[in-house]
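Novice: Input: one structure, supplied below.
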Amino acid sequence: MKFVSAIIKPFKLDEVREALAAVGVQGITVTEVKGFGRQKGHTELYRGAEYVVDFLPKVKVEVAIKSDLLDQVVEAIEKAANTGKIGDGKIFVFDLEQVVRIRTGETGADAL
């Protein structure tokens with residue numbers, strides 16, 4: 001099993017969700033986060049004063065999947081979240097040792 005975590009632009013969330021549903025992902029977790037990478041934030045103007053916005057709003061999408069879906073899931077996120085501009089985000093893949101569905105007690109891939 002694998003755990004995929006993707007940091008994307010907020011306005012791309014619906015496209016990513018639809019792309020994941022199309023490849024068979026049943027559930028996702030979404031968190032609003034802030035961060036910066038190569039973008040390093042940007043300057044804004046408020047009431048005549050300039051200030052720097054260091055951390056930009058992003059969305060973190062997390063999915064737990066069977067290992068055989070990994071390539072399809074990464075490709076789906078990559079295509080759906082791509083704008084071709086800086087700040088599109090990143091995809092992280094982790095090994096997932098154990099999953100337990102609390103309600104039924106199912107474990108492993110059955111719990112996904």
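The values are calculated or read from the model by the stated rules, or taken from the named source; none is laboratory data. Just so you know, these numbers come straight off a predicted model, no measurement behind them. As a convention, Cβ positions derive from the backbone with ideal geometry for all residues, glycine included, and neighbour counts pool all protein chains shown. Calculation scope for accessible area: heavy atoms of the full protein, side chains included, ligands and nucleic acids excluded. Shrake-Rupley method; radii C 1.70, N 1.55, O 1.52, S 1.80 Å.
Novice: Please determine, by comparing only the residues of the stretch 70-112 that are basic (K, R) and within 13 Å of the chain's Cα centre (by Cα), which one is nearest to V30 (Cα to Cα).
Specialist: Within the stretch 70-112, the match that is nearest to V30 (Cα to Cα) is K90.
Novice: Tell me which of these F92 doesn't satisfy, since it passes every other one: (1) open to solvent by 60 Å² or more (accessible area, probe 1.4 Å); (2) touching a helix residue (DSSP H, G or I) at 6+ places or on another chain (Cβ under 8 Å); (3) of a type in the set (A, V, I, L, M, F, W, C).
Specialist: (2)
Novice: State whether the residues of the stretch 45-56 include one that is at pLDDT 90 or above and either of a type in the set (S, T, Y) or touching a Phe, Trp or Tyr at 6+ places or on another chain (Cβ under 8 Å) (or both).
Specialist: Checked against the condition, which is being at pLDDT 90 or above and either of a type in the set (S, T, Y) or touching a Phe, Trp or Tyr at 6+ places or on another chain (Cβ under 8 Å) (or both), the stretch 45-56 yields no hits at all.
Novice: Within the stretch 83-94, can one find any residue that is modelled with pLDDT under 95 and acidic (D, E)?
Specialist: Yes, there is a match, as at least one residue in the stretch 83-94 is modelled with pLDDT under 95 and acidic (D, E).
Novice: If you take the residues of the stretch 1-33 that are small (G, A, S) and out of contact with any strand residue (DSSP E or B) (no Cβ under 9 Å at 6 or more places or on another chain), which of them is most open to solvent (accessible area, probe 1.4 Å)?
Specialist: A22
Novice: Regarding K60, is this residue at pLDDT 90 or above and either under 16 Å from V30 (Cβ atoms) or among the polar types (S, T, N, Q) (or both)?
Specialist: Against the criterion (at pLDDT 90 or above and either under 16 Å from V30 (Cβ atoms) or among the polar types (S, T, N, Q) (or both)), K60 qualifies.
Novice: I've got another one for you. Quick one: is V53 under 17 Å from F3 (Cα atoms), surrounded by 12 or more Cβ atoms within 10 Å (Cβ to Cβ) and not acidic (D, E)?
Specialist: no
Novice: Give the residues of the stretch 61-105 that are assigned to a loop (DSSP other than H, G, I, E, B), under 23 Å from P10 (Cα atoms) and touching a residue at least 40 places away in the same chain (Cβ under 8 Å), sorted by residue number.
Specialist: T83, I86, G87, D88, G89
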